1. Net charge within 12 Å of Ile243 by Cβ-Cβ distance, Lys/Arg positive one each and Asp/Glu negative one each, not counting Ile243 itself?
2. What does DSSP give for the stretch 196-351 in terms of the percent of beta bridges that are antiparallel, rounded to the nearest 5?
3. Could you name the lysines in cross-link range of Lys136, using Cα to Cα under 17 Å and dropping any fewer than eight places away on the same chain?
4. Averaged per residue, what accessible area in Å² does the stretch 273-330 show with a 1.4 Å probe, protein chains only?
5. Using a Förster radius of 35 Å, what is the FRET efficiency between Lys62 and Leu107 based on their Cβ-Cβ separation? Nearest 0.05, please.
6. Quick one: which residues, 5+ away or cross-chain, put their amide H under 5 Å from the amide H of Gly348? H built at 1.01 Å from N.
7. Could you tell me what percent of the DSSP beta bridges with both partners in the chain are antiparallel, to the nearest 5?
8. Using a/c under 1.5 as the rounded threshold, could you call the stretch 63-148 rounded, prolate or oblate? The axes a ≥ b ≥ c are square roots of the C-alpha gyration tensor eigenvalues, and prolate needs a/b larger than b/c, oblate otherwise.
Amino acid sequence: MSPLENEISTDSIDASCDAGPIRILIAEDDPTSCEILKVVLGEWGYVVNAFPDGASAFEELKHDKGYAVAILDWNIPGLNGIEICEQLIKTESLFTYFILLTSKYGLADVIKGFASGAHDYITKPFEPEELHARVKVGIRLYKMHHQIEMYASSMEQLANERAKQLLHADRLSTLGVLSAGIAHEINNPLSFIQGNNQFLAVCWPAVKETLSQAHTIGISNSDTEIFCEEFESSNEAIKKGVIRISKIIKSLKQYARKESGERKPCSLVQLIEEALLLCSSHLQNSIQIDFDRSADFKIYGDLQQIEQVFINLLVNSADALGDYSLGKISISLHGTDSEVTVQISDNGPGFSDVVLKNLFTPFFTTKDIGKGTGLGLSICEGIIKEHGGSIRAFNNTSHGAVFEITFPYRSGESA
Ligand code: ADP
């Protein structure tokens, strides 16, 4: 086996890249040199395209950016090798490794060649092994350039996605601040309604007494009775509505308060109740809430943060259930001497393997753009870990998703 054949077999890996076989352009007007180049390069497994003049080689390189290496004769007619390099080196998206083929080897010529933008040079007559070694350097750089380009483009794509997600997260936090402001604004008119509602309730016995005499002026007793019933039930309904709005506003204000609050004993049942209230617009009527309140536990923690965990989990369950008419969310609490476990499960679709694997990865979401940020569960995990607890998720044996949160618990803290 000749040394050349040996080279061919071991370097065949070099002769291709992701885009297919490696392509090499030759610009050489001397037919003999051109033929030798074509033969050796072809034997090494490269796809070769040869041009007898500089102008056509330049046009080809300008329009076809897929050449890994260009071997350019320094003294080719039309545009010479140096001129081709000088003009193409300014083309931003092009990376072709330029090798000048020259009979010049004075220092000044070498410097001039590199200054034109050429990456390497080889003197005529050349040794095939030397040419191959130089071509391989070019191919290595060409491949590296393409890998960097691909990496840069995927990084750019990732950066754009992250920027959008951060913008969304920022909008959400702005929304939190805004909602605190709106809650404050609603509080004022709400207190008028509440005041008047109480005023009517206080005055009502006297008014009712007066109305009981209405038959003396010709109004039938049955009419006044109907009116009294309706008045009482309407005023009671207003009172209930006011209480509900005040609760929502209170929770909204607490939720929007961003700073991490002090830690104190908090009742899990109470926190879950508040979270349910806050999510009431998400939890449509079709979703049945099965909350076992029989056991309550007090854990030591940051009220707002833990409430946020429950909100995130409830909203996710509601999203997973969509408009499923038999949707159900079950919540239960269990405790031992050392820990308290909260289980929130739903009878939605549950998790696929991929989703289960990535649930707590920041920015992982299967929701539509603009709906999901992929931050909810990683925030939950962070909060729970800060409280010394843990969170895990699994598919229900029958159907749906289960989230299980465990908080450390010391006996004597029970509610
Ligand atoms: P986001 O809700 O913004 O997508 P999360 O981190 O809260 O971000 O959730 C990540 C993903 O986990 C969701 O997009 C969804 O695919 C999945 N997921 C969370 N909760 C449930 C659930 N109860 N049922 C099914 N999939 C869920």
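1. Working: positive: Lys239, Lys240, Arg244, Lys247, Lys250; negative: Glu236.
Neighbourhood net charge equals +4.
2. Numbers: 12 of 16 bridges.
Antiparallel bridges make up about 75 percent of those DSSP assigns within the stretch 196-351.
3. Output for Lys136: Lys38.
4. Details: 2530 Å² over 58 residues.
Value returned for the stretch 273-330: 44 Å² of accessible area per residue.
5. Values: r = 31 Å, r/R0 = 0.88.
After rounding, the FRET efficiency stands at 0.70.
6. The answer is Ala401.
7. Values: 28 of 50 bridges.
Counting only bridges with both partners in the chain, antiparallel ones make up about 55 percent.
8. On the way: a/c = 1.84, a/b = 1.23, b/c = 1.50.
Taking the square roots of the gyration eigenvalues as a ≥ b ≥ c, the stretch 63-148 is oblate.
The values are calculated or read from the model by the stated rules, or taken from the named source; none is laboratory data. If you're wondering where the values come from, they're calculated on a predicted model, not measured in any experiment. So basically every Cβ, Gly included, is an ideal-geometry build from the backbone, and we count neighbours across all protein chains shown. SASA here: full protein model, heavy atoms, side chains in, ligands and nucleic acids out. Shrake-Rupley method; radii C 1.70, N 1.55, O 1.52, S 1.80 Å.
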